[in-house]
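Colleague: Structure provided below as structure tokens; questions to follow.
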Amino acid sequence: MSMHGAVLSADIVSWLYERARFYPALSQVVHELVDRLRSAGMDIDRLMVSIPVLHPSLRAKSINWTPATGIELRSYRGSPDLERQYLASPLKVVHDTEQAVRVRIGSAPRAGEFDIIKDLRAGGFTDYIALPLVFTEATPGTLSVATRAVDGFVHADIAALETISQPLSMICETHTLKEKAETVLNTYVGARAGAKVLSGDIKRGDGETISAVVGFADLRGFTQLSNHLPSHGIIELLNAYFGAMSEAVERNQGEVLKFIGDEVLAVFPYSTPEEAQSAARRALLTARETMEGIKQANQETCPTLPALRIGMGLHAGDVFYGNVGGETRLDFTVVGPTVNKASRIAGLSKDLNRDILTSEEFADIVDCHAGALGSYYLKGFDEPQPVYTAPGRGHECHSEAGRLAWDAFGAHCDQ
């Protein structure tokens, strides 16, 4: 390399401490780090920063760079195959020992070599080094670098990478801790609520009034079925149900706010009449996709048991969206008469043996009253409340909005 190792190290260390630590994305740091190393004369043909993550389904993320692809972001889901690959990789050694692993790659394979070395040899690489990115807490990350240079890395290269790895560790840990906080909040309170908490809305009573389609869904027959299932079977069944519901909500730009026993509370916020129609249509599409997911879960999870169904209640209106709770234990949720009515309508759907019921306010938004079922007393409401269900064949939705909305659910709205 053309620049002396010590000078290179000092230059990049200064940049990492003074500027790079303020970059909003870690991928931006890695991209510029590669540019600086290569501009200084270090022969780098592959670089990866790998970081463990706290996530319900992911184990790690990495930022990969090659001259051909540039920066690539990858996520690794936990699986038996991934675990086997990890156990046979230099990353496992680095994490266990917090020491660097260097492998000079010759033309002939060596007994017991790491699987990745075989791939690197096939790609024409001659040298590989993986260094620990030591964090104050949790499993270390890893900086791995490979070259195709005939003589591999020189001593000054290795010394520079070892020096750089220390401030890079600090930057990676800072980004990891931020992402960890976001992941935990998104997992337990939802993306929109999580963002508000991170922005500082953590005082009891902090929040805002928003307009939203509010949906409650619950499993039919779950209580009886759970009496005949072992604990692990109940958890597997609930995960299948909650998974189908939450994935459908997220696909349709809603937010799951709460799991309550076998119930799910979801919201689809809106600000304008046009957005309200879109939110209502997406809520109905969510109901349809959830029911399809439950049907699949019935076949895969408990094919010998009675089929599960869900009942769903949809209502729309203003809700308080914010922090509710005690002095030191808060819940970020929605509350108010709109939420209460959606819950009562979901309960009524069970009594009427309907898969879905909506309020009159919801029917007004989609401009379709073809599925009227009459008015019913709901707990906490003095007057009978009109409710609606999916229109069937021969019933008319006189508006395009109504036809689009109920077509999303799979109902037949004939003009």
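The values are calculated or read from the model by the stated rules, or taken from the named source; none is laboratory data. The shown structure was predicted, so the numbers you read here are calculated from the model rather than taken from an experiment. Glycine gets a Cβ as well: all are built from the backbone with ideal geometry, and neighbour counts include every protein chain shown.
Colleague: Being more than 17 Å from Val49 (Cα to Cα), touching a residue at least 40 places away in the same chain (Cβ under 8 Å) and of a type outside the set (Ser, Thr, Tyr) narrows it down to one of Ala156, Ala108, so name that one.
Modeller: Exactly one residue qualifies, and that residue is Ala156.
Colleague: Okay, moving on. With respect to Val339, determine if the residue is β-branched (Val, Ile, Thr) and part of a helix (DSSP H, G or I).
Modeller: Spelling it out, Val339 is indeed β-branched (Val, Ile, Thr) and part of a helix (DSSP H, G or I).
Colleague: Ala363 - would you say it is buried (at least 22 other Cβ atoms within 10 Å of the Cβ), without any contact (Cβ under 8 Å) to a residue 40 or more places away in the chain and aliphatic (A, V, I, L, M)?
Modeller: Details: buried (at least 22 other Cβ atoms within 10 Å of the Cβ): yes; without any contact (Cβ under 8 Å) to a residue 40 or more places away in the chain: yes; aliphatic (A, V, I, L, M): yes.
The answer is yes for Ala363.
Colleague: Confirm whether Glu113 is surrounded by fewer than 19 Cβ atoms within 10 Å (Cβ to Cβ), part of a loop (DSSP other than H, G, I, E, B) and touching a Leu at 6+ places or on another chain (Cβ under 9 Å).
Modeller: no
Colleague: Another question, if that's okay. Exactly one condition in (1) crowded, with 18+ Cβ neighbours inside 10 Å; (2) within 20 Å of Lys258 (Cβ to Cβ); (3) at pLDDT 85 or above is false for Ile294; which is it?
Modeller: Of everything listed in (1) crowded, with 18+ Cβ neighbours inside 10 Å; (2) within 20 Å of Lys258 (Cβ to Cβ); (3) at pLDDT 85 or above, Ile294 misses just condition (3).
Colleague: Now a separate question. Looking only at region 205-252, how many residues end up being modelled with pLDDT of 90 or more and either in contact with a Gly (Cβ under 6 Å, 6 or more places away or on another chain) or not assigned by TED's automatic domain parsing to the domain that holds Gly325 (or both)?
Modeller: 1
Colleague: Further, regarding this structure: In region 87-97, which residues are of a type outside the set (Lys, Arg) and surrounded by 12 or more Cβ atoms within 10 Å (Cβ to Cβ)?
Modeller: Within region 87-97, Ala88, Ser89, Pro90, Leu91, Val93, Val94, His95 meet the criteria.
Colleague: Here is a follow-up. Under 6 Å by Cβ, and 6 or more places apart or on different chains, what pairs join a residue from region 217-239 that is within 12 Å of Leu308 (Cα to Cα) with one that is among the hydroxyl-bearing types (Ser, Thr, Tyr) and at pLDDT below 80?
Modeller: Leu237/Thr301
Colleague: Regarding Pro56, is this residue surrounded by fewer than 12 Cβ atoms within 10 Å (Cβ to Cβ) and touching a residue at least 40 places away in the same chain (Cβ under 8 Å)? Steps first, please.
Modeller: Working: surrounded by fewer than 12 Cβ atoms within 10 Å (Cβ to Cβ): yes; touching a residue at least 40 places away in the same chain (Cβ under 8 Å): yes.
So Pro56 fits the description; yes.
Colleague: Among the residues of region 103-115, which ones are within 12 Å of Ile129 (Cβ to Cβ) and in contact with a helix residue (DSSP H, G or I) (Cβ under 7 Å, 6 or more places away or on another chain)?
Modeller: Residues satisfying the conditions are Val103, Ile105.
Colleague: Further question on the same structure: Just name the residue that is nearest to the chain's Cα centre (by Cα) out of those in region 155-195 that are of a type in the set (Val, Ile, Thr) and closer than 15 Å to Pro24 by Cα. Don't jump to the end; show me each part of the working.
Modeller: So the first thing to find is which residues in region 155-195 are of a type in the set (Val, Ile, Thr), and the list is 158, 163-164, 171, 174, 176, 183-184, 187, 189.
Among the residues that remain, those that are also closer than 15 Å to Pro24 by Cα are: 171, 174, 176.
On the way: Ile171: 23, Thr174: 20, Thr176: 15 Å.
Filtering region 155-195 for residues that are of a type in the set (Val, Ile, Thr) and closer than 15 Å to Pro24 by Cα, the one nearest to the chain's Cα centre (by Cα) comes out as Thr176.
Colleague: Return the residues of region 1-25 that are surrounded by fewer than 16 Cβ atoms within 10 Å (Cβ to Cβ), farther than 16 Å from Asp35 by Cβ and either modelled with pLDDT of 60 or more or among the small types (Gly, Ala, Ser) (or both); say none if nothing qualifies.
Modeller: Within region 1-25, Ala6, Val7, Ala10, Tyr17, Glu18, Arg21, Phe22, Pro24 qualify.
Colleague: Within region 169-195, track down each residue that is surrounded by 15 or more Cβ atoms within 10 Å (Cβ to Cβ), over 23 Å from Phe242 (Cβ atoms) and not β-branched (Val, Ile, Thr).
Modeller: Ser169, Met170, Cys172, Glu173, His175, Leu177, Glu179, listed by residue number.
Colleague: Looking at (1) touching a Pro at 6+ places or on another chain (Cβ under 8 Å); (2) assigned to a helix (DSSP H, G or I), which one does Ile164 not meet, given that it meets all the others?
Modeller: All conditions pass for Ile164, except number (1).
Colleague: Which is touching a Ser or Thr at 6+ places or on another chain (Cβ under 6 Å), at pLDDT 90 or above and acidic (Asp, Glu), of Asp367, Asp355?
Modeller: Asp367 is the lone residue from the list that is touching a Ser or Thr at 6+ places or on another chain (Cβ under 6 Å), at pLDDT 90 or above and acidic (Asp, Glu).
Colleague: So in region 351-360, with the set limited to residues that are aliphatic (A, V, I, L, M) and within 15 Å of Gln385 (Cβ to Cβ), which one is surrounded by the most Cβ atoms within 10 Å (Cβ to Cβ)?
Modeller: Leu357
Colleague: Scan region 208-237 for residues that are more than 23 Å from Ser278 (Cα to Cα), surrounded by fewer than 17 Cβ atoms within 10 Å (Cβ to Cβ) and touching a strand residue (DSSP E or B) at 6+ places or on another chain (Cβ under 8 Å) and report the count.
Modeller: Summing the residues that are more than 23 Å from Ser278 (Cα to Cα), surrounded by fewer than 17 Cβ atoms within 10 Å (Cβ to Cβ) and touching a strand residue (DSSP E or B) at 6+ places or on another chain (Cβ under 8 Å) in region 208-237 gives 1.
Colleague: Taking the condition of being part of a loop (DSSP other than H, G, I, E, B) and touching a helix residue (DSSP H, G or I) at 6+ places or on another chain (Cβ under 8 Å), how many residues in region 138-152 meet it?
Modeller: Qualifying residue count for the region: 3.
Colleague: Which count do you get for residues in region 163-193 that are closer than 17 Å to Phe22 by Cβ, touching a residue at least 40 places away in the same chain (Cβ under 8 Å) and out of contact with any Phe, Trp or Tyr (no Cβ under 6 Å at 6 or more places or on another chain)?
Modeller: 8
Colleague: Out of all the residues in region 316-324, is one or more exposed (fewer than 14 other Cβ atoms within 10 Å of the Cβ) and in a strand (DSSP E or B)?
Modeller: yes
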